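Participant: One structure coming up, written as structure tokens, with questions to follow.
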Amino acid sequence: MIDFDLTFGLPAKNIACDQWMLDRAEREAIARERHLPSQGTGPVEYLRFWQPSNLFVVMGRSGKYLEEVHFQRCHEDGVEVLRRSSGGGTILTGPGCLMYSVVLSLEERPGLRDISKAHQFVGQKICQAFLDCGQAVELRGYSDVCLGDYKCSGNALRIGRNHLLYHGTLLLEFALEEIPYYLRMPNRRPRYRGSREHLEFVTNVPVAASELQKAIAQSFGTQRLPMEIDHQQLDHLVAVRYGQSDWNLKI
């Protein structure tokens, strides 16, 4: 598994990059199946870290912005509302969040086609990384990482033909008070949350981003190698999908 840091200034390009990672891994798998020239001899896996420089909202693939987002506030404040390709709930991200995206080979890990096992596999890696940084967290609900009764990481996945995309948000020094201002209460809530409002439910974990990033990479057993980025393909994904209101604000 290759790990790398890559943050774009354009929020939509950061979301598109996860799609690009999955697409690239899938193309490599197809090339191997057809005995075509490829960039590697075996299954490819990636782990990317990125840290947003401004606030923006990201909905799951089936998210409904009129129900989940205070859209007028976002519009007035220039907080973009985007949609990712995976499922899961709506999040607000920005400075103080460490974001990660991992692409895993289903050839190497066929058991991860079971969604519950995929959540457990990745969640345990993240929990171990926090523990290595001196913070005892645990998995709760659908796919949450929690410090006690408080959520500190939300996660989502998408299963492709040969690979799994799994990504999440890690709250470290985030301005938590912004969450209820821009996000409505979700209709779907894990049982352990009950009726708690946003600020009664989420928390930052006092860990340096650089320390946690290193621990996550160690937990997955990655290698830090140069990563060739196809910016033309990324820009195309932004132009045709992730930067388009037809995709982001579809009903």
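The values are calculated or read from the model by the stated rules, or taken from the named source; none is laboratory data. Worth saying up front: this structure is predicted, and the values here are computed from it rather than measured. Quick reminder, even Gly has a Cβ in these numbers, built from the backbone with ideal geometry, and neighbours come from all protein chains shown.
Participant: Is at least one residue of region 164-172 at pLDDT 95 or above and touching a His at 6+ places or on another chain (Cβ under 7 Å)? Spell out how you get there, then give the answer.
Facilitator: Start the filter on region 164-172 by keeping residues that are at pLDDT 95 or above, which leaves 164-172.
Narrowing the set further to residues that are touching a His at 6+ places or on another chain (Cβ under 7 Å) leaves none.
Looking for residues that are at pLDDT 95 or above and touching a His at 6+ places or on another chain (Cβ under 7 Å), one finds none in region 164-172, hence no.
Participant: Something else now. For region 151-174, indicate whether the set of residues that are touching a strand residue (DSSP E or B) at 6+ places or on another chain (Cβ under 8 Å) and part of a helix (DSSP H, G or I) is non-empty.
Facilitator: No.
Participant: If I filter region 88-106 for residues that are in contact with a Cys (Cβ under 6 Å, 6 or more places away or on another chain) and not in a loop (DSSP other than H, G, I, E, B), do I get at least one hit?
Facilitator: No, region 88-106 contains no residue that is in contact with a Cys (Cβ under 6 Å, 6 or more places away or on another chain) and not in a loop (DSSP other than H, G, I, E, B).
Participant: Regarding GLN128, is this residue surrounded by fewer than 21 Cβ atoms within 10 Å (Cβ to Cβ) and either touching a His at 6+ places or on another chain (Cβ under 9 Å) or in contact (Cβ under 8 Å) with a residue 24 or more places away in the chain (or both)? Spell out the reasoning first.
Facilitator: Numbers: surrounded by fewer than 21 Cβ atoms within 10 Å (Cβ to Cβ): yes; either touching a His at 6+ places or on another chain (Cβ under 9 Å) or in contact (Cβ under 8 Å) with a residue 24 or more places away in the chain (or both): yes.
Considered against the rule, which asks whether it is surrounded by fewer than 21 Cβ atoms within 10 Å (Cβ to Cβ) and either touching a His at 6+ places or on another chain (Cβ under 9 Å) or in contact (Cβ under 8 Å) with a residue 24 or more places away in the chain (or both), GLN128 comes out as yes.
Participant: Okay, moving on. In this structure, does TYR142 turn out to be aromatic (Phe, Trp, Tyr), crowded, with 16+ Cβ neighbours inside 10 Å and more than 21 Å from GLN218 (Cβ to Cβ)?
Facilitator: Considered against the rule, which asks whether it is aromatic (Phe, Trp, Tyr), crowded, with 16+ Cβ neighbours inside 10 Å and more than 21 Å from GLN218 (Cβ to Cβ), TYR142 comes out as yes.
Participant: Residues being of a type outside the set (Lys, Arg) and either closer than 15 Å to VAL240 by Cβ or more than 15 Å from the chain's Cα centre (by Cα) (or both): count how many of those fall in region 1-16.
Facilitator: The first filter runs over region 1-16 and keeps only residues of a type outside the set (Lys, Arg), leaving 1-12, 14-16.
Those still in the list that are either closer than 15 Å to VAL240 by Cβ or more than 15 Å from the chain's Cα centre (by Cα) (or both) too: 1-2, 9-10, 12, 15-16.
Matching residues across region 1-16 total 7.
Participant: Within the bounds of region 33-49, is there any residue that is hydrophobic (A, V, I, L, M, F, W, C), surrounded by 19 or more Cβ atoms within 10 Å (Cβ to Cβ) and part of a strand (DSSP E or B)? Spell out the reasoning first.
Facilitator: Narrowing region 33-49 to residues hydrophobic (A, V, I, L, M, F, W, C): 36, 44, 47, 49.
Then keep just the ones that are surrounded by 19 or more Cβ atoms within 10 Å (Cβ to Cβ); that gives 44, 47, 49.
Next, from what is left, pick out any that are part of a strand (DSSP E or B): 47, 49.
There is at least one residue in region 33-49 that is hydrophobic (A, V, I, L, M, F, W, C), surrounded by 19 or more Cβ atoms within 10 Å (Cβ to Cβ) and part of a strand (DSSP E or B).
Participant: Residue check: is ARG109 buried (at least 22 other Cβ atoms within 10 Å of the Cβ) and at pLDDT 95 or above?
Facilitator: For ARG109, the condition - buried (at least 22 other Cβ atoms within 10 Å of the Cβ) and at pLDDT 95 or above - is not met.
Participant: Still on this model: Only one of (1) in contact (Cβ under 8 Å) with a residue 60 or more places away in the chain; (2) under 18 Å from GLN19 (Cβ atoms); (3) over 15 Å from the mean Cα position of the chain (by Cα) is not met by LEU106, so which one is it?
Facilitator: (1)
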